[in-house]
Amino acid sequence: MTAADRVTQYWPTAAPAAGVLGLALTWGRDLGVVPVVLVAAVLAAAVLAAVHHAEVIAHRLGEPFGSLVLAVAVTVIEVALIVTLMISGGDKTATLARDTVFAAAMITMNGIVGLSLLAGARLYGVPRFNAEGAGSALATLVAVATLSLVLPNFTTASPGPQFSSAQLAFAAIASLALWAMFVLTQTVRHRDFFLPVREDGEVDEDDHAEPPTGRRALASLGLLLLALVAVVGLAKVESPAIESGVEAAGFPPSFVGVVIALLVLLPETLASVRAARRNLMQTSLNLAYGSAMASIGLTVPAIAVASIWLEGPLILGLGATQMVLLLLTVVVSVLTIVPGRATRLEGFVHLTLFAAFVFLSINP
């Protein structure tokens, strides 16, 4: 076995361990430029390892269970980061949960979907997917996003774009219930809606490669959890550098939420594009919409519970520009999903909306 073969074989195991070791060495310390760069490199390796082990688990469980595992795992990272930063940030982080969740929705619905459509169309011309599954995911996502992020702007029980305690409790329960019902539909009642589609339009239930053994899948599950701990911890270690970088660049403080969302969604992005390159566009959409739904449907309840102990206001209502972007994204997503197939044009439109979101986050 050559040195390159050894690296290929052992890096998915070494990267999570290196991430946890780096976390132990840097937690609670002020880092200089060189340590920050090294931590960023270890963080990137941990993200890649998380993607690798998530794909092993996905292959063992089959679709759509594999996509669900990664979506929930990534959301756990996001929730942990948001709560940690809100505890340490006080009133300055009143909009952090909103900014991060909205950024996650824009990244998944436009960035990940756009990249996946472009990657699939480049190799296969007109990639196909199941309009019933993608459509039901999008419908649930729109309902969750509207209840949690748009409605606070129009309620009158509390001043400003925020819920009263009772309204926040209702939004949290409704979001969690919608997410749970979607998972039940995706994995039990109508699982065939979320399976990859062949060129002839038929559902493809066959895994053409031999699935990993149960022992290997369990090992990958443990390493995935280890990698995710490393990612969330190292992202927290990097957060002062991120905040300083955002401030030094003259960007609005809300852009920190965008950077956090970009970091935690790296595993989803890579896994989705890989699936699209294997002509598994339905898997890419499962990852994108599943992540967006989990991001809102699980983060809002978690933040609602955490708000009992957190001081300061919790602002969830989107601004006017954000609501326009969300509305435009929903309309374009519906038009993309309805035919059950898409071209490079749809992918480019979604990426243009993503670019508009990033630009307006920097220059509101």
(message) Which one, D192, D99, D30, has the greatest fluctuation when you compute a Gaussian network model over the chain with C-alpha springs under 10 angstrom?
(response) D30
(message) Per 0.36 nm of contour for each residue apart, how much would the distance between E132 and L335 grow if the chain were fully extended, relative to their Cα-Cα spacing?
(response) 71.8 nm
(request) Classify the stretch 8-51 as rounded, prolate or oblate, taking a ≥ b ≥ c as the square roots of the eigenvalues of its Cα gyration tensor: rounded when a/c is under 1.5, otherwise prolate if a/b is larger than b/c and oblate if not. (result) prolate
(request) State, to one decimal in nm, how far the label point of V305 lies from the label point of S244, with both points 7 Å from Cα in the Cβ direction. (result) 3.5
(message) If I require 24 Å or longer along the helix axis, counting alpha carbons, and a Kyte-Doolittle average no lower than -0.5, what helices from the chain are left? Use full DSSP H segments.
(response) 3-26, 33-61, 65-89, 165-184, 214-248, 281-306, 320-337, 344-362
(request) Compute the distance in nm between two label points, each set 7 Å from the Cα along the Cα-to-Cβ direction, one at F348 and one at T146. (result) 3.1
(message) Which of the three applies to the stretch 190-348, rounded, prolate or oblate, going by the alpha-carbon gyration tensor with a ≥ b ≥ c and a/c under 1.5 meaning rounded?
(response) oblate
(request) About the Cα centre of the chain, how large is the charge dipole given +1 on each Lys and Arg Cβ and -1 on each Asp and Glu Cβ? Please answer in debye to the nearest 20. (result) 180
(message) Place a point 7 Å from the Cα of R278 along the Cα-to-Cβ direction; which residues of the stretch 332-364 have their backbone N under 19 Å from it?
(response) none
(request) Work out the charge dipole of the chain with +1 on the Cβ of Lys and Arg and -1 on the Cβ of Asp and Glu about the Cα centre, then indicate which of G319, I362, A105 is farthest towards its positive end. (result) I362
(request) Could you point to the residue in S164, T336, L226 farthest towards the positive end of the chain's charge dipole, with +1 and -1 charges on the Cβ of Lys/Arg and Asp/Glu respectively? (result) L226
(request) Starting with the fewest neighbours, write out F194, F255 ranked by other beta-carbon atoms found within 10 Å of each beta-carbon. (result) F255, F194
(request) For each of M293, M106, M323, count neighbouring Cβ atoms within 10 Å of the residue's Cβ, then give the residues from fewest to most. (result) M323, M106, M293
(request) Determine the calculated [θ] at 222 nm for the chain from helices alone, applying -39500 (n - 2.57) to every DSSP H run no shorter than 4 residues and normalising by the residue count; nearest 500 deg cm²/dmol. (result) -24000 deg cm²/dmol
(message) Between M323 and A157, what is 0.36 nm times their sequence separation minus the Cα-Cα distance? Round to one decimal in nm.
(response) 57.7 nm
(message) How would W179, W27, W11 line up from fewest to most surrounding beta-carbon atoms within 10 angstrom?
(response) W27, W11, W179
(message) Using 0.36 nm times the number of residues separating H190 and A41, minus their current alpha carbon distance, what extension gain do you get?
(response) 49.5 nm
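Values quoted throughout were computed directly from the atomic coordinates according to the rules given, and no laboratory measurement underlies them. Worth saying up front: this structure is predicted, and the values here are computed from it rather than measured. Backbone-built Cβ (ideal geometry, glycine too); neighbour counts: all protein chains shown.
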